[in-house]
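Each value in this text was obtained by applying a stated rule to the coordinates, not by laboratory testing. Everything quoted here is computed from the prediction, not taken from an experiment. Backbone-built Cβ (ideal geometry, glycine too); neighbour counts: all protein chains shown.
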Amino acid sequence: MQLKDSVAVITGGASGLGEATARLFHKEGASIGILDRPNSKGAEMAAELGPRAKFLASDVTEGPAVETALQQLVEAFGKINIAVNCAGVGTAGRVLTKKGEPHALDMFAMTIQINLIGTFNVLRLAATWMAKNQPNEAGERGVIINTASVAAYDGQIGQVAYSASKGGVVGMTLPVARDLAAFGIRCLTIAPGTFDTPMMSMVTDDFRKQLAAQIPFPSRLGSPAEYAALAAHIVSNAYLNGEVIRLDGALRMPPR
């Protein structure tokens, strides 16, 4: 599938990995829907990019809201070919605190709700529209790209909720690809390592250097542009399907 003349919805598209992906896809000729929270910079970004960009104010966990957002995207551009799920949260908390108090159940549930259920909510609704597309010469009707994390495999101390949510995204990749194969829809997941996203702006320079030193090569934080480039390649390579791709500079996270 080619990006040119395609229509893509990118969740979390107003910042970080999602923003980089939205901008690259738009540059390559796709029309894009920036699905993000109402208080994000999505409207400003869509206005900057012009008529092939539309801001879709929505919470990924809400079924009717996402249905409405995707309907708006189809009304604007006629179809949906690609969905990239970048919306997510990072939370921290041990199963037991140093005082022996249990992990807050509501925080665990919230992390699962946004990172896992939100991802599934968007992909199931986007797939409904993709299934209506005419297949291209390769038989493709759509491509879904989800975002997990290396924490799905080697989660650190305090990442139990985050790792569980991203492990769920990893675990559903192959079943989703198999479920949607009959419709000509591919599904893949990218599992980033430590990336230079807005969440990193909250840490000190010394801590950033410590994180970079853990990465074998290149020994630096990943760039959102590198995530976007991989997402673009996934769209264009029709034989990629049902796989989780680590994008981490050979990083294997230590316990802490």
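The set of residues from the range 189-213 being surrounded by 14 or more Cβ atoms within 10 Å (Cβ to Cβ) and either more than 22 Å from Val244 (Cα to Cα) or touching a Gly at 6+ places or on another chain (Cβ under 7 Å) (or both) comprises Pro192, Gly193, Thr194, Phe195, Asp196, Thr197, Met200, Arg208, Leu211, Ala212. All told, Gly139 meets the bar of being among the small types (Gly, Ala, Ser) and part of a loop (DSSP other than H, G, I, E, B).
When you look at Asn81, is it under 13 Å from the mean Cα position of the chain (by Cα) and within 15 Å of Asn146 (Cα to Cα), yes or no? Against the criterion (under 13 Å from the mean Cα position of the chain (by Cα) and within 15 Å of Asn146 (Cα to Cα)), Asn81 does not qualify.
For the range 126-168, the set of residues classified as closer than 26 Å to Val74 by Cα and under 15 Å from the mean Cα position of the chain (by Cα) consists of Ala126, Val143, Ile144, Ile145, Asn146, Thr147, listed by residue number.
Counting only helices (runs of 4 or more DSSP H) wholly contained in the range 143-220, the ones carrying 2 or more residues that are closer than 22 Å to Val95 by Cα occupy 151-154, 160-180. Limited to the range 66-87, what total is found for residues that are in contact with a Ser or Thr (Cβ under 9 Å, 6 or more places away or on another chain), more than 17 Å from Met1 (Cα to Cα) and of a type in the set (A, V, I, L, M)? Looking only at that region, the number is 6. In the set Lys79, Lys27, Lys54, Lys99, which member is of a type in the set (D, E, K, R), crowded, with 16+ Cβ neighbours inside 10 Å and without any contact (Cβ under 8 Å) to a residue 40 or more places away in the chain? Residue meeting the stated conditions: Lys54. Checking each residue in the range 113-149 for being farther than 22 Å from Leu3 by Cβ and surrounded by fewer than 21 Cβ atoms within 10 Å (Cβ to Cβ) picks out Gln113, Ile114, Ile117, Phe120, Arg124. Across the range 224-253, the qualifying residues are those that are part of a loop (DSSP other than H, G, I, E, B), out of contact with any helix residue (DSSP H, G or I) (no Cβ under 8 Å at 6 or more places or on another chain) and in contact (Cβ under 8 Å) with a residue 12 or more places away in the chain, and the one among them that is surrounded by the fewest Cβ atoms within 10 Å (Cβ to Cβ) is Ala250.
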